Amino acid sequence: MRTSNHVIGLVNFLTFLLSIPILGGGIWLSSRANSTDCLRFLQWPLIVIGISIMVVSLAGFAGACYRNKFLMWLYLVVMLLIIAALIGFIIFAYAVTDKGSGRTMLNRGYLDYYLQDYSGWLKDRVSDDGYWGKISSCIRDSGACRKIGRNFNGVPETADMFFIRRLSPVESGCCKPPTDCGYSYGNETVWTAGGGMIGSNPDCMLWSNDQSMLCYQCSACKAGVLGSLKKSWRKVSVINIVVLIILVIFYVIAYAAYRNVKRIDNDEPAGEARMTKSHPSHFHL
């Protein structure tokens, strides 16, 4: 009985520690939502799951310490629901970020992003005009495009230097015109139309050197946000999958220990040995 309680207590303590990377992933997504990705509802499921694991683990730990079988049972039931929720979140994260990625461009270190390469619920959410107004304002206020400029000993970088840079999806989609528009480089956020006709991409007509406009209304900018979200979600999902596997292992161990506690309580009442109960002696002097 005591050994099983110790096992359950240890498992609950370790489970409490596992909630930290999940909560940390949610907080990291929250920081991204306020600066780069600008989608503020995606981090909350992870934050809620992380806090729930913390609370439930403490309840299970208390149950093991005080030999309270109800708290142990509560831990097992609620943790099973939390594991199911975490599995659902991981599947959802991969499903909505399944399609779409940047396109490699000739003689460019960065990728270009096209909205038609993406599909599904997340694309529809980002593309919605009302919602996009909030996202584009967030990107503008974050100063992502202001931070793109570089100087070397007081000298701005040249076009050749800029072309080999590895820009983030948002920087590539929102802070410069698409490569196929044929604009000429002035600096990182100032581009001029070339001598010929600009490309047929509708974004080509939306580009503006006005620093408050740039390509914030371009489909490329929306695609850049989707590309950034995909990278963020995939990073967090990898951590969540590892944590999920360990959580399931810990859950199985805790369940086995709880079953052992119940078996001992049911089969060995206080003051009566199991062998005596199962095989009473008939030997008399």
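The values are calculated or read from the model by the stated rules, or taken from the named source; none is laboratory data. Quick caveat, the model's predicted, so the values are computed rather than measured. Ideal geometry is used to build each Cβ from the backbone, glycine not excepted, and the neighbour counts take in all protein chains shown. Quick note on the areas: whole protein, heavy atoms, side chains included, nothing else; ligands and nucleic acids left out. Shrake-Rupley method; radii C 1.70, N 1.55, O 1.52, S 1.80 Å.
Cβ contacts < 6 Å: first residue at pLDDT below 95, restricted to the range 196-212; second residue open to solvent by 90 Å² or more (accessible area, probe 1.4 Å), any location; separation 6+ or different chain. Result?
Going by the 6 Å Cβ cut-off, the qualifying pairs are Leu206/Gln217.
In this structure, is Ile51 in a helix (DSSP H, G or I), closer than 30 Å to Ser168 by Cα and assigned by the TED database to the domain that holds Ser237? Explain how you work it out, then say what you get.
Working: in a helix (DSSP H, G or I): yes; closer than 30 Å to Ser168 by Cα: no; assigned by the TED database to the domain that holds Ser237: yes.
The answer is no for Ile51.
Would you say Thr36 is open to solvent by less than 60 Å² (accessible area, probe 1.4 Å) and outside any helix (DSSP H, G or I)? Quick ask: steps written out before the conclusion?
Numbers: open to solvent by less than 60 Å² (accessible area, probe 1.4 Å): yes; outside any helix (DSSP H, G or I): yes.
Here the answer is yes, as Thr36 does meet what is asked.
Those residues that are within 30 Å of Ser237 (Cβ to Cβ) and either touching a residue at least 60 places away in the same chain (Cβ under 8 Å) or among the β-branched types (Val, Ile, Thr) (or both), I need them from the range 58-85; list them, please. So that I can check it myself, show each step before the final result.
Within the range 58-85, the subset within 30 Å of Ser237 (Cβ to Cβ) is 58-61, 74-85.
Gly60, Tyr75, Leu76, Val77, Val78, Met79, Leu80, Ile82, Ile83, listed by residue number.
Among (1) buried (at least 17 other Cβ atoms within 10 Å of the Cβ); (2) within 24 Å of Ser127 (Cβ to Cβ); (3) of a type outside the set (Val, Ile, Thr), where does Ser212 come up short?
Unmet condition: (1).
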